[in-house]
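The values are calculated or read from the model by the stated rules, or taken from the named source; none is laboratory data. On a predicted model such as this, the values are computed, not experimentally measured, just so you know. Note: ideal-geometry Cβ built from the backbone for every residue, glycine included; neighbour counts use all protein chains shown. The area values use the complete protein model at the heavy-atom level, side chains included, leaving out ligands, DNA and RNA. Shrake-Rupley method; radii C 1.70, N 1.55, O 1.52, S 1.80 Å.
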Amino acid sequence: MPSQIPPALKRRIPKVSDLAPLMQFRKPELGSAARLKRASTIWDLRDIAKRRTPTAPFDYTDGAAEAEITLRRARGAFLDLEFRPGILRNVETVDTSVSVLGQRSAQPFGIAPTGFTRMMQSEGEYAGSQAAEAAGIPYTLSTMGTASIEDVAAAAPDGCNWFQLYLWTDRDRSMELIDRAAKAGNDTLMVTVDTAVAGSRLRDVRNGLTIPPALTVKTVLDASYRPAWWFNFLTHEPLAFASLSRYSGTVADLINSMFDPTLTYEDLDWLRDVWKGNLVVKGIQTVDDAKKAVDHGVDGLVLSNHGGRQLDRAPIPLHLVPDVAAALKGKTSIMLDTGIMSGGDIVAALALGADFTLIGRAYLYGLMAGGRAGVDRSIEILSKETARTMQLLGVNKVEDLNPDHVRLLQGS
């Protein structure tokens, strides 16, 4: 005997009243604000950035050294792990704030130093520092930034502003930068130590990237469908650097003129003597060097391979975190950069033992996608992802994250 058909499954002619709730057409949203709103991940912002930015500046941000193995491995390390959530915890509220170098940050991440930032989008360091100020997180200006120390401090007077230093062979010139950073209110000096010479960034070589960008047949054709970038670039103040007034030449030449291959721990001792604020060393890639840096009086370490832009096949910072934390947790601030593209990445680093993280490309994609509003959006995306990941792990505050929440799958 055939089974009876439930009333809900019997065919009928739909009523107008049934169709009305389904016929709600939305007015199309156009423009930069709508594009940014539709971006749900940092990868979405990257897609927008690639469409809106000429090849040379986009590749300067997106690329890495040689075969770009280090960058792929760094990002792969965050993919090749497993979260271990706790269930039946009350996670109605979550606190993502942390204490870093004596100050409170609203999020467990800050903005890393990036060079030539106004080349990527004309608002550059101003957008980054103001977005960080609004979000209550640290912002780090690079020695190779395209805005002066003083102008960035004036643009974000209430921000937590740090300054990144490349020590030059001309120590008087370095001392001038240190004095300017202190007078502008920067309380943290981040010295980068993984740049004895410039890495071989082949995308820049192939693109013939120069400072300022050169108008060649290739760049004009490239700009033909990215007019907004060129309009902004040509109608704003020419690129000015935090450390020199003007420069004309290739990126590689500028980098090599600034890096000092003779740096030793004695130079770190000199910096510790002349700088009275927080001293952070960026570019630590082994546990032994982490210990030595702490022995020489630094207040913080950034486990970093320069975003994969220096030595290809360099150690992966995420893999270093457990061993460095085992040796130095509580003795210094342990920070990490390279490869971070989501709030889940940030939470994984914190769970393994990092105290703080720094984002570079993740915020630059937002900058290229939409200027200051794009940086705001990148911070918003990462903040929401961080909070959501913590809640799904059963954690209310960053301090409760621990190695039991994550397992590295590499080699398993």
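At-a-glance table
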quantity	calculated
Qualifying residue in region 133-145 (condition: part of a loop (DSSP other than H, G, I, E, B), open to solvent by less than 10 Å² (accessible area, probe 1.4 Å), among the hydroxyl-bearing types (Ser, Thr, Tyr) and under 30 Å from Asp59 (Cβ atoms))	yes
Residue within region 386-399 that is basic (Lys, Arg) and either open to solvent by less than 10 Å² (accessible area, probe 1.4 Å) or closer than 20 Å to Ala74 by Cα (or both) present	no
Ala314 within 18 Å of the chain's Cα centre (by Cα), touching a residue at least 60 places away in the same chain (Cβ under 8 Å) and open to solvent by less than 20 Å² (accessible area, probe 1.4 Å)	no
Pairs with Cβ under 8 Å, 6+ apart, first in region 66-94 and in contact (Cβ under 8 Å) with a residue 12 or more places away in the chain, second open to solvent by 50 Å² or more (accessible area, probe 1.4 Å) and of a type in the set (Asp, Glu)	Arg84/Asp404
Residue under evaluation Gly128, criteria (1) open to solvent by 10 Å² or more (accessible area, probe 1.4 Å); (2) under 30 Å from Thr55 (Cβ atoms), criterion not met	(1)
Number of positions in region 356-385 that are of a type in the set (S, T, N, Q) and open to solvent by less than 10 Å² (accessible area, probe 1.4 Å)	2
Tally, over region 372-411, of residues that are farther than 24 Å from Trp43 by Cβ and within 20 Å of the chain's Cα centre (by Cα)	1
Odd one out for Asp337 among (1) under 25 Å from Glu266 (Cα atoms); (2) crowded, with 23+ Cβ neighbours inside 10 Å	(1)
Criterion violated by Gly300 - all others in (1) modelled with pLDDT of 95 or more; (2) surrounded by fewer than 19 Cβ atoms within 10 Å (Cβ to Cβ) satisfied	(2)
Single residue of region 98-144 satisfying the filter (closer than 21 Å to His306 by Cα and among the aromatic types (Phe, Trp, Tyr)) that is farthest from the chain's Cα centre (by Cα)	Phe116
Any hit, region 162-171, residues being open to solvent by 20 Å² or more (accessible area, probe 1.4 Å), basic (Lys, Arg) and assigned to a helix (DSSP H, G or I)	yes
Residues that are of a type in the set (Lys, Arg) and within 17 Å of Ser97 (Cα to Cα), drawn from region 374-396	Lys384, Arg388
Region 181-199, residues that are closer than 19 Å to Asp260 by Cβ and either open to solvent by 50 Å² or more (accessible area, probe 1.4 Å) or at pLDDT 90 or above (or both)	Ala181, Leu189, Met190, Val191, Thr192, Val193, Ala196, Val197
From the options Lys291, Lys276, residue that is open to solvent by 10 Å² or more (accessible area, probe 1.4 Å) and under 26 Å from the mean Cα position of the chain (by Cα)	Lys291
